[in-house]
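The values are calculated or read from the model by the stated rules, or taken from the named source; none is laboratory data. It should be emphasised that the depicted structure is a prediction, and the values quoted were computed from it without experimental measurement. A quick note on method: Cβ atoms are made from the backbone with ideal geometry, for glycine too, and the neighbour counts reach across all protein chains shown.
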């Protein structure tokens, strides 16, 4: 058996049979990281000693005949937005460069309880805001399929580490497509679960009504395994859904009889790349050949999804990020310098007799907040905080925020109507394959428009998965998106497995 | 119509951010483009639609009022940029 060619599900069987130990497996992946991560840049933080200690403890317990958890001995990479007790959690931001959480996120506690080996924290766009991982304050992540291209974002490190065999399983988060788009760009399988399926406790908040953590892996089977480990009701998160977690691993291999697939005409409009279009249509045929029926549907408000999202998400972000005040944790500006500058400004205004500007001059506390936040946040985070503060400010609240909340309901109602007639909605995850690093840096709006097919699922709170379904002429992966009604992850996984049983796109590796 | 530079400057105080003149110019253009784009929502009649702030129909989730351990002071203060023995330290608020 070659470890690096195996899926997590296969590795789990090898571990259980005693053919490989958790420590050996962890060593193998650590060696991969050592060899490849300098070029890829998927990880912000790898703690080999911590991982090996964890792995050895699991091996010891296995030898002693202890009952082990669902992931016993499997390495898992974690996006650096989930709090890990005693282990730096940066969110890709200078603001939290040295932040060491005093508690574990529930996802982390669950991974530990499942006996996973936490191998490292992965790179991301700062506070999960972005679609290319270029907004990380620390480093760029390169797409393993083409190093001059983006791995996608914001979970770029999470997808790139699976694509380049540096981890078999990986946790990302998805607020507007941040698991599915990088999964598509890197040729891996990634799921955004239903809002509420996975606890958000300890997931550093970006937009609380949209954020959801989820798994990335090579196959639907592996995604099922990881989802089963992290899903479930959590009293520590009042938005966590009080529903039972099905055994996804038990059912993922069962094909869906009489599967009804919806094809939304809005997903095949202007801007969809010709090769992506062809690959998705080919994928639909793969389902048809297994007995699925295809129905044309309409999601009439989907064209408003980006506008809706780029009001709601920044509004929630501006409110959530108010906590970075330079007082409780995180970065604080150099106070001496700040106070000296303020004193000089005051002196100059006094000398000029400028009463008006003197009255409006920041107090030292306000100036401390402003300097701290301006130095600690990157450009994209500041843009979104500004956008949200503007949309929520007096006189604009109804015109922007409340309006967007109303359109959000219309988007959800489109889905509710569609899912009366079909089981799943099938379409592209992204309009194009991975774009070049640096291509969109100066043009935020064009970058935002990339999220066209993914943001609706977050606004509506439904579940969705991206599955590799082709490779472009220039050798880049293409992603197929399946969307399901709330809490229908089982259907998504079974359908994704049906597809992977009939195709080999998910087995392709870069270069 | 996008945003004015004055509006952007005013919002920067609300957002507790601070920008150079050059940054203010760039932001005025960039935010203006986004605001103009999102205004397409105006073409939809939403008069009779209820706002949806959250996808779940859960309303109040009550927890039993039972004491349980919270973070101890040392752990809570461990990440503070500046602290006294028992408190967070901030610049003087009064007196200037």
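Among the helices (runs of 4 or more DSSP H) confined to region A:423-511, the ones with at least 2 residues that are farther than 21 Å from residue A:223 by Cα are located at A:444-449, A:455-460. When A:57, A:39 are checked against the criterion of being without any contact (Cβ under 8 Å) to a residue 40 or more places away in the chain and part of a helix (DSSP H, G or I), A:57 stands alone in meeting it. Filtering region B:3-38 down to residues that are free of Cβ contacts under 8 Å to residues at least 24 places away in the same chain, facing chain A (nearest Cβ under 9 Å) and not in a helix (DSSP H, G or I), which residue is surrounded by the fewest Cβ atoms within 10 Å (Cβ to Cβ)? Checked region B:3-38; the qualifying residue surrounded by the fewest Cβ atoms within 10 Å (Cβ to Cβ) is B:19.
Checking the structure you have, find out if any residue of region B:76-87 is surrounded by 14 or more Cβ atoms within 10 Å (Cβ to Cβ) and in a helix (DSSP H, G or I). Within region B:76-87 (the criterion being surrounded by 14 or more Cβ atoms within 10 Å (Cβ to Cβ) and in a helix (DSSP H, G or I)), the answer is yes, since at least one residue qualifies. Checking the stated criteria, residue A:277 turns out not to satisfy the condition of being assigned to a loop (DSSP other than H, G, I, E, B) and at negative phi.
Quick grid of which residues meet (1) within 14 Å of chain B (Cβ to nearest Cβ); (2) within 13 Å of residue A:204 (Cα to Cα); (3) surrounded by fewer than 24 Cβ atoms within 10 Å (Cβ to Cβ):
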site	(1), (2), (3)
A:91	yes, yes, no
A:97	yes, no, yes
A:104	yes, yes, yes
A:107	no, yes, no
A:120	no, no, no
A:126	no, yes, no
A:129	yes, yes, no
A:132	no, no, no
A:137	no, no, yes
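Is at least one residue of region A:135-150 out of contact with any strand residue (DSSP E or B) (no Cβ under 6 Å at 6 or more places or on another chain) and part of a strand (DSSP E or B)? Among the residues of region A:135-150, at least one is out of contact with any strand residue (DSSP E or B) (no Cβ under 6 Å at 6 or more places or on another chain) and part of a strand (DSSP E or B), which makes the answer yes.
Residues are listed down the side, and each one gets a yes or a no for (1) free of Cβ contacts under 8 Å to residues at least 60 places away in the same chain; (2) not in a helix (DSSP H, G or I):
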{"site": "A:210", "(1), (2)": "no, yes"}
{"site": "A:215", "(1), (2)": "yes, yes"}
{"site": "A:222", "(1), (2)": "no, no"}
{"site": "A:225", "(1), (2)": "no, no"}
{"site": "A:241", "(1), (2)": "no, yes"}
{"site": "A:244", "(1), (2)": "yes, yes"}
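Scoring residue A:52 on the criteria (1) without any contact (Cβ under 8 Å) to a residue 60 or more places away in the chain; (2) assigned to a loop (DSSP other than H, G, I, E, B) leaves a single failure, condition (2). Screening B:50, B:66 for residues that are surrounded by fewer than 10 Cβ atoms within 10 Å (Cβ to Cβ), within 7 Å of another protein chain (Cβ to nearest Cβ), at pLDDT 90 or above and under 30 Å from residue A:242 (Cα atoms) leaves exactly one candidate, B:50. The numbered conditions (1) touching a helix residue (DSSP H, G or I) at 6+ places or on another chain (Cβ under 6 Å); (2) buried (at least 17 other Cβ atoms within 10 Å of the Cβ); (3) modelled with pLDDT of 95 or more are all true for residue A:3 except (3).
Tallying residues that are assigned to a helix (DSSP H, G or I) and either buried (at least 24 other Cβ atoms within 10 Å of the Cβ) or more than 7 Å from chain B (Cβ to nearest Cβ) (or both) within region A:377-389 yields 9. Among the residues examined, residue B:56 does not qualify as at negative phi, part of a loop (DSSP other than H, G, I, E, B) and touching a residue at least 12 places away in the same chain (Cβ under 8 Å).
Looking at region A:349-356, is at least one residue in a helix (DSSP H, G or I) and facing chain B (nearest Cβ under 10 Å)? It would help to see each step written out before you state the result.
So in region A:349-356, the residues in a helix (DSSP H, G or I) come out as A:349-352, A:355-356.
Filter again for facing chain B (nearest Cβ under 10 Å), leaving none.
Taking every residue of region A:349-356 in turn, none turns out to be in a helix (DSSP H, G or I) and facing chain B (nearest Cβ under 10 Å).
Checking the structure you have, find out if any residue of region A:303-325 is on the phi < 0 side of the Ramachandran plot, in contact (Cβ under 8 Å) with a residue 24 or more places away in the chain and surrounded by fewer than 16 Cβ atoms within 10 Å (Cβ to Cβ). There is at least one residue in region A:303-325 that is on the phi < 0 side of the Ramachandran plot, in contact (Cβ under 8 Å) with a residue 24 or more places away in the chain and surrounded by fewer than 16 Cβ atoms within 10 Å (Cβ to Cβ). With respect to the conditions (1) more than 16 Å from residue A:413 (Cβ to Cβ); (2) surrounded by fewer than 16 Cβ atoms within 10 Å (Cβ to Cβ), residue B:57 falls short on a single one, namely (1).
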